[in-house]
1. Given Y74, Y112, which one is surrounded by fewer than 15 Cβ atoms within 10 Å (Cβ to Cβ), of a type in the set (S, T, Y) and under 24 Å from T20 (Cβ atoms)?
2. One residue is enough: does the range 44-57 have a residue meeting the conditions at pLDDT 95 or above, outside the structural domain of I92 (by TED's automatic domain parsing) and among the polar types (S, T, N, Q)?
3. Just checking, how many residues over the range 1-39 are hydrophobic (A, V, I, L, M, F, W, C) and more than 17 Å from P116 (Cα to Cα)?
4. Restricting attention to strands (runs of 3 or more DSSP E) lying wholly within the range 73-126, give those where 1 or more residues are closer than 13 Å to E151 by Cα and within 12 Å of the chain's Cα centre (by Cα).
5. Can you name every one of the strands (runs of 3 or more DSSP E) wholly within the range 1-49 that holds 1 or more residues which are closer than 16 Å to E122 by Cα?
6. Is there a residue being free of Cβ contacts under 8 Å to residues at least 24 places away in the same chain and closer than 20 Å to L111 by Cα anywhere in the range 44-55?
7. Restricting to the range 132-153, give me the number of residues that are modelled with pLDDT of 85 or more, outside any loop (DSSP other than H, G, I, E, B) and surrounded by 16 or more Cβ atoms within 10 Å (Cβ to Cβ).
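The values are calculated or read from the model by the stated rules, or taken from the named source; none is laboratory data. The model shown is predicted, which means the values in this text are computed figures rather than measured ones. Positions of Cβ are generated from backbone atoms using ideal geometry, with glycine treated the same way; all protein chains shown enter the neighbour counts.
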Amino acid sequence: MPVTRLNHAVLYVRDLARSTGFYRDVLGFHVVNSLPGAAFLQAPGSSNDHDLGMFEIGSEADGSTAGRSTVGLYHLAWEVDTLAELQRLAGILAEAGALGGASDHGTTKSLYARDPDGLEFEVAWVVPADRLDGAALAARSRTGRLDLDAEIRRYGADTVGGVGISHLAPA
């Protein structure tokens, strides 16, 4: 089964209007279809039919305990094209009170945030394969603090990132 990418994710949410508003206002998604109790959203720049589906299950629903006391999905990760976009989103997520952290994984530069139901997601910029060096490849085995300004100086604010996890060493 040669999977090429994740087509979409589906979330159960307490309040569909609140969650739709968050993904629209904070991350720029737009609703492409809705049904009673369900919404299907497309990410900006995506050509997918939809990238995110959400089904409302009501305000009485318990929060997810995945990873704390039950098995389940830890988080979703979306890629952005440039470090400038990652930096812009860091500000927007912080302003919305959703930003939880930022990490340098060597080949990816990542922000971590939570939606209104506390579901975690990652927004990442992937180092292009032709820009990987020994330090970036070695850093894949650890997670460090992300210094976004230093990464912009290193790679450039408008350098287009790779697709998926860049794993090729430079030629």
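1. Of Y74, Y112, the one residue that is surrounded by fewer than 15 Cβ atoms within 10 Å (Cβ to Cβ), of a type in the set (S, T, Y) and under 24 Å from T20 (Cβ atoms) is Y74.
2. no
3. Applying the first criterion (hydrophobic (A, V, I, L, M, F, W, C)) to the range 1-39 yields 1, 3, 6, 9-11, 13, 16-17, 22, 26-27, 29, 31-32, 35, 38-39.
With the extra rule that they be more than 17 Å from P116 (Cα to Cα), the set shrinks to 1, 3, 6, 31-32, 35.
Adding up the residues that qualify gives 6.
4. Numbers: elements: 76-79, 99-104, 108-114, 120-126.
Where strands (runs of 3 or more DSSP E) fall fully within the range 73-126 and carry at least 1 residues being closer than 13 Å to E151 by Cα and within 12 Å of the chain's Cα centre (by Cα), they are 99-104, 108-114, 120-126.
5. On the way: elements: 9-13, 30-35, 38-42.
Fully inside the range 1-49 and qualifying: 9-13.
6. Looking for residues that are free of Cβ contacts under 8 Å to residues at least 24 places away in the same chain and closer than 20 Å to L111 by Cα, one finds at least one in the range 44-55, hence yes.
7. Filtering the range 132-153 for residues modelled with pLDDT of 85 or more gives 143-153.
Right, trim to outside any loop (DSSP other than H, G, I, E, B) and you get 144-145, 148-153.
In the following step, the residues that additionally are surrounded by 16 or more Cβ atoms within 10 Å (Cβ to Cβ) were identified as 148, 151-152.
Summing the residues that are modelled with pLDDT of 85 or more, outside any loop (DSSP other than H, G, I, E, B) and surrounded by 16 or more Cβ atoms within 10 Å (Cβ to Cβ) in the range 132-153 gives 3.
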